[in-house]
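Heads up: the structure comes next, in structure tokens.
The values are calculated or read from the model by the stated rules, or taken from the named source; none is laboratory data. In this text, all values refer to a predicted model and were calculated from it rather than measured experimentally. Methodologically, a virtual Cβ is constructed for each residue, glycine included, from the backbone with ideal geometry; neighbour enumeration extends over all protein chains shown. Areas reflect the complete protein model, heavy atoms only, side chains present, ligands, DNA and RNA absent. Shrake-Rupley method; radii C 1.70, N 1.55, O 1.52, S 1.80 Å.
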Amino acid sequence: MLLASAVVVWEWLNEHGRWRPYSPAVSHHIEAVVRAGPRAGGSVVLGQVDSRLAPYIIDLQSMNQFRQDTGTLRPVRRNYYDPSSAPGKGVVWEWENDNGSWTPYDMEVGITIQHAYEKQHPWIDLTSIGFSYIIDFNTMGQINRQTQRQRRVRRRLDLIYPMVTGTMPKAQSWPVSPGTTTSPPAPPCSCPQCVLVMSVKAAVVQGRTGPHQPPGTRKNMAPSGVGKLPPPPGPGAKPVDSTGTVRGPGKTASSQVIRRQVSTTPAGATVGSPTSPQGSNRKTGRVALATLNRSSLQRLAIAQSRVLIASGVPTVPVKNLNGSSPVNPALAGITGILMSAAGLPVCLTRPPKLVLHPPPVSKSEIKSIPGVSNTSRKTTKKQAKKGKTPEEVLKKYLQKVRHPPEEDCTICMERLTAPSGYKGPQPTVKPDLVGKLSRCGHIYHIYCLVAMYNNGNKDGSLQCPTCKTIYGVKTGTQPPGKMEYHLIPHSLPGHPDCKTIRIIYSIPPGIQGPEHPNPGKSFSARGFPRHCYLPDSEKGRKVLKLLLVAWDRRLIFAIGTSSTTGESDTVIWNEVHHKTEFGSNLTGHGYPDANYLDNVLAELAAQGISEDSATQEKD
């Protein structure tokens, strides 16, 4: 028998198709439930370990995360990584998002960054794993290769993820095998909620009309050539410490990902309905529920909710009762009862509908926008600027510093009193010259600023890498296309007193130019025409005018890798958020959103576009 060890990271699949890790504390909690076996009920209440995850429950039978307030189901998985990699050392890499909070990288990305960090590399290019970013360990920054936008990154220490070790047995079913001894379940409490749930279950069992045979289960097999790791420790396994971690032998040689992925269910999970030990009574409440039709389930669930509300038990709405989910719509009703059985308050409601587009509008109802000339704009290919070298461009924004201060250049991280540490293509200026940006006053090696300019869009503008102050007119690399805008006679949620500005972006596929990531290569343009919406209010029209400036400066879109599909060389949004959902806000890209207009004005200001820009640009 082979002895092996690995750290276990529980992950969930987001809407962009990326597996996102739960925190070490949450993974420990899930592992503890896995080890507890059937007595834990086969479900994990995430709010017990992290209050921010209060709406979420993981069902270990189906390997899905269920959100009570929306009814959303997302797959989860139990993934294995090398004990000497980042999760095995408690190292977490995070990037700073727009609101100043920190977001952890995907586990694969974090492990890759940590490996380069341990090798003392000055930087790492993440292109090889599908991300157009460079991580600079000197500045602890993330640089977008397309837009040159920088974000801060940080490395912090957290709990070590749980570890499993031992011989590799055959995959177990969930619940564990009949030979496993378990302690008897604790008696239910006598609170109104538990009394109600038990009475509902009893009524369901008594109302069963016939025997129910659960679907056959299949064993969860590991990929070919990869040993299977046991979920809970078996007899003779290493002792568990106070954090629930099973301690194994020393570290392995490699710090890369083991990638011991076991399908979409954990080792020891079954697919389909749960089974009972051989010879036991199969008339459990959960199995019997499957014999009821949808209307019966909903009646039971709604009756349960009414009693809960009447008894004063706080409730959380469960939606998606009759949505277009691939899961049977009655699952929300079933889950409502089962969640209450686990001690979780539930209230069943009707789901809101996703409304992406307004009602049909005739041509005669479409009007031009007062105060905004024309109804469309086009962009063409970028025209190269002639006759100005990088040194000539930067000369407009810099003042030479004869006696540099005793501090670091934040681009190369060398002292300003020493020559620049930049090792790339050699600019024509001397490496020891130092300059101060005229407006913000930050000081750098001129050599470093020239190199930064050469790696950017070379459009005659410069952005301070420290405070993001923009010198000149910043432009982007948006491919050719068309922007249409007009009024439609419908109101957006949250803006009942005004009509709606509809913007339609159209960009065809084409060939990348010299300013794009892969010149000469074709690019795709998915999802066009794209419809976006603004309220026809004073602030809404102000946003439209600034979006027109952004369009003319080619800052609305770029060519890069889609965060939704993972496709490279495709047209993507570029740092300015748009509302693409007309009559609802289920995706976060719709209305009502009281802060949206202020947020998008701030995003435009970060691109150097303000009210002054709108007055300077020609319509």
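Ranked highest first by the average count of other Cβ atoms within 10 Å around their residues, in what order do 79-87, 539-547, 362-370, 507-515 fall?
With the highest mean Cβ count within 10 Å placed first, the list reads 79-87, 539-547, 507-515, 362-370.
Could you work out the local net charge near SER491, counting Lys and Arg as +1, Asp and Glu as -1, over the other residues with Cβ closer than 12 Å to its Cβ?
Net charge in that neighbourhood comes out at -1.
Could you pull out the pairs from LYS367/LYS542; LYS474/LYS579; LYS378/LYS539; LYS367/LYS539; LYS396/LYS468; LYS378/LYS468 whose alpha carbons sit more than 21 Å apart here?
Long pairs (Cα-Cα over 21 Å): LYS474/LYS579; LYS378/LYS539; LYS378/LYS468.
Quick check: the distance between the Cα centres of region 93-171 and region 405-424, to the nearest angstrom?
Region 93-171 and region 405-424 have Cα centres spaced 26 Å from each other.
If I model region 469-619 as equal point scatterers sitting on the Cα atoms and use the Debye formula, what is log10 I(q)/I(0) at q = 0.13, 0.14, 0.16, 0.19 Å⁻¹?
-0.62, -0.71, -0.92, -1.24
List the GluC sites (Glu not before Pro) within region 404-505 that fall in a DSSP loop (any state other than H, G, I, E or B) and whose Cβ has at most 15 other Cβ atoms within 10 Å.
Here the sparse-neighbourhood loop sites are GLU406, GLU407.
If we sort 9-19, 552-562 on the protection proxy, mean other Cβ atoms within 10 Å, highest first, what's the order?
552-562, 9-19
Using a 1.4 Å probe over the heavy atoms of the protein chains, calculate the carbon and sulfur portion of the accessible area of region 1-124 as a whole percent.
Solvent-exposed carbon and sulfur of region 1-124 make up 52 percent of the total.
In whole Hz, with x marking every Gly and Pro, tabulate ³J(HN,Hα) for region 43-53 from phi via Karplus 6.51 cos²θ - 1.76 cosθ + 1.60, θ = phi - 60°.
9, 10, 8, 6, x, 5, 10, 9, 4, 5, 9
Counting Lys and Arg as +1 and Asp and Glu as -1, what is the net charge of the other residues whose Cβ lies under 10 Å from the Cβ of SER27?
Net of charged neighbours comes to -1.
Please state the charge dipole magnitude for region 380-499, taken about the Cα centre, from unit charges on C-beta atoms (+1 on K and R, -1 on D and E), reported in debye and rounded to the nearest 20.
With only Lys, Arg, Asp and Glu charged at Cβ, the dipole is about 520 debye.
Count the net charge of all other residues whose Cβ sits under 14 Å from the Cβ of PRO404, scoring Lys and Arg as +1 and Asp and Glu as -1.
Spelling it out: positives minus negatives among the neighbours equals 0.
Would you be so kind as to identify which of SER562, ALA550, GLY608 lies farthest towards the positive end of the dipole of region 516-619, taking Lys and Arg as +1 and Asp and Glu as -1 on Cβ and the Cα centre as origin?
SER562
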